[in-house]
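Where a number appears in this text, it was derived from the coordinates with a stated rule and is not lab data. Remember, it's a predicted structure, so these values are computed and weren't measured experimentally. Glycine also receives a Cβ, built like all others from the backbone with ideal geometry; neighbour counts cover every protein chain displayed.
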Amino acid sequence: MVRVDSGVLLEKLGYDYLFFREEGCKPEHASIVFADLLPELSRLPIGGWRLYRHQLEAYEALKKGYNLVMVSGTGSGKTEAWAIYALAYGRKALAVYPTLALANDQVRRLGEYASVVGKNVVALDASRRSELEKKLGRTGLRTLIAGADIVVTNPAFLMHDVKRLLESPSKSLLEPFFRRLQLLVVDELDFYGPRNIALLDAMIEILAKYSGESVQVVVLSATLANPEELAKRLEEVTRRRTAVVRGKPFRVENRVYLVLGKEVRRVFEEARERAKNVLDKLDLDVKRALEDFNEFRRNLYRVVAYLQALGVEVPSPGLDVVEILAGYVEDDGVTLVFT
């Protein structure tokens, strides 16, 4: 397998660069595997995987009947933390994601886990509802939803249906499911602004009161400034204790190369020489950069633009993006992203 070392490539092409390394991070593992909690998962690869410690803590909290606020980074298995509990204990769950398009992977995994225990998952938004209504009719769709074990939707669709519920229960497509709702999950809370969070809060309160069951609420977020405050709010709404669980994300080591350009040393020397006539006009930080090459490198483009604005003819460092990208063509594992 061919792998390209970016540092070697840039040096070969004659480019100067700044390099930053972000250390990788891995959550702590618990001693048990997923199949210990849900034996049917032994038919899937995940069955033999050890749980992360925060997943087990979340599972245990839910098993005790608590609400859950989980703060854990992307890739740390937040979905599994509640899904295995819901499937193991037969909880009717409503999972709310910002958009279903962004939740494709979660929906796929939920479907896999549910299938091995004979449960079913229904994903529902406006476009999916139209497709299913054409295929099943409105009555058939309501029957499908009523019999679902997990319903996955987005806030826009949920709010529209909750409004119908408040107008008249018969108008609500999800009403039969709402009546039996036991677990309400809000994922990616950090995606939302204050207004949408307020709307989600209102919908949680409405559904908690409407359900004939005692609803548990799960809120998941990669970041959250004050999870304890949210936990208190959930306790007010549901009259249940709320556990706050924190977990580390799974993150590979990142290496960042900030490409400065070619012949940066020459640009530095010429800038020093040509700026002598305007030294009295220069800001202190620019003067420092012209005295120290490393300082100049760190502020290369700002210093060059500053001097050029004063009429000092300073060459710009050479930079050919195509030349650099061409060096990665033979790399078997690279993905090029243009933003």
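Quarter the surface of the alpha carbon convex hull of region 53-147 and you get the mean projected area, 6.9 square nanometres. Phi angles across region 241-252 convert, under the Karplus curve 6.51 cos²θ - 1.76 cosθ + 1.60 with θ = phi - 60°, into 3J(HN,Hα) values of 5, 10, 9, 10, 10, 10, x, 7, x, 9, 9, 6 Hz, Gly and Pro given as x. Of all lysines in the structure, the ones whose alpha carbon falls short of 27 Å from that of K276, not counting any fewer than 8 places away in one chain, are K262, K287.
The distance between label points at Y17 and K248 comes to 2.8 nm (points 7 Å beyond Cα on the Cα→Cβ vector). Averaging the sequence gap over all C-alpha pairs within less than 8 Å and six or more residues apart, then dividing by the number of residues, gives region 63-137 a relative contact order of 22 percent.
Residue by residue, region 149-156 carries 3J(HN,Hα) couplings of 9, 9, 10, 10, 8, 10, x, 4 Hz when phi is fed to the Karplus relation 6.51 cos²θ - 1.76 cosθ + 1.60 (θ = phi - 60°); x denotes Gly or Pro. Anyone know which of G14, G65, G48 comes out most mobile in the 10 Å Cα GNM of the chain? Among G14, G65, G48, the largest GNM mean-square fluctuation belongs to G14. Normalised by the number of residues in the chain, the average gap of Cα pairs under 8 Å and 6 or more apart makes the relative contact order 27 percent. Charging the Cβ of each Asp and Glu at -1 and of each Lys and Arg at +1, and nothing else, the dipole of region 29-247 about its Cα centre rounds to 500 debye. Bridgeable aspartates and glutamates around K281 (alpha carbons under 18 Å apart, same-chain partners fewer than 8 residues away excluded): E270, E273, E291, E313.
Applying a threshold of 32 Å to the alpha-carbon distances of K63/K248; K63/K171; K12/K248; K134/K163; K26/K163; K119/K163 flags K63/K171; K12/K248; K26/K163 as lying beyond it. Given a Förster distance of 45 angstrom, what is the FRET efficiency for R53 paired with S130, based on the Cβ-Cβ distance and rounded to 0.05? Plugging the Cβ-Cβ distance into 1/(1 + (r/R0)^6) gives 0.60.
Using just the helices of the chain, give the 222 nm mean residue ellipticity in deg cm²/dmol: DSSP H runs with n ≥ 4 each add -39,500 (n - 2.57), and the total is spread over all residues, rounded to 500. Mean residue ellipticity, 222 nm, calculated: -13500 deg cm²/dmol.
Subtracting the Cα-Cα distance of E235 and S316 from 0.36 nm times their residue separation leaves 23.1 nm of extension gain. A prolate overall shape is assigned to region 1-89, the ratio a/c of its alpha-carbon gyration tensor axes (a ≥ b ≥ c) being 1.5 or greater and a/b exceeding b/c. The Rg/Rh ratio of the chain, with both radii computed over alpha carbons and Rh defined as the Kirkwood radius, is 1.15. Per-residue 3J(HN,Hα) values for region 166-182, derived from phi via the Karplus relation 6.51 cos²θ - 1.76 cosθ + 1.60 with θ = phi - 60°, read 6, 6, 6, x, 5, 7, 7, 5, 8, 3, x, 6, 4, 5, 10, 5, 10 Hz in sequence order (x marks Gly and Pro).
Think of region 29-247 as having a plus end and a minus end, set by charges on the Cβ of Lys, Arg, Asp and Glu; of T153, I197, Q55, T153 sits farthest toward the positive end of this dipole. The amide H of G261, built 1.01 Å from its N in the peptide plane, has D16 as neighbours under 5 Å, considering only residues 5 or more places off or on other chains. Does region 234-334 come out rounded, prolate or oblate, given a ≥ b ≥ c as the square roots of the eigenvalues of its C-alpha gyration tensor, rounded meaning a/c under 1.5 and, failing that, prolate meaning a/b above b/c? Oblate, since a/c reaches 1.5 and b/c is not below a/b. The length gained by stretching the chain between D292 and D5 to full extension, at 0.36 nm per residue less their Cα-Cα distance, is 100.5 nm. Peptides 268-280, 115-127, 77-89, ordered by how many other C-beta atoms sit within 10 Å of their residues on average, highest first, read 77-89, 115-127, 268-280. Averaged over residues, the count of other Cβ atoms within 10 Å places the peptides 243-250, 99-106, 131-138, 57-64 in the sequence 57-64, 243-250, 99-106, 131-138, highest first. Treating r as the C-beta distance of R138 and K64 and R0 as 56 Å, the FRET efficiency rounds to 0.90.
Between helix 78-88 and the chain there is an angle of about 20 degrees, using the helix long axis and the longest principal axis of the Cα atoms.
Using the beta-carbon distance between N299 and S168 and R0 = 45 Å, what value does 1/(1 + (r/R0)^6) give for FRET efficiency, to the nearest 0.05? Computed FRET efficiency for N299 and S168 comes out at 0.10. The H on the amide N of K92, modeled in the peptide plane, is under 5 Å from the matching H of Q182, L183, each at least 5 residues off or on a different chain.
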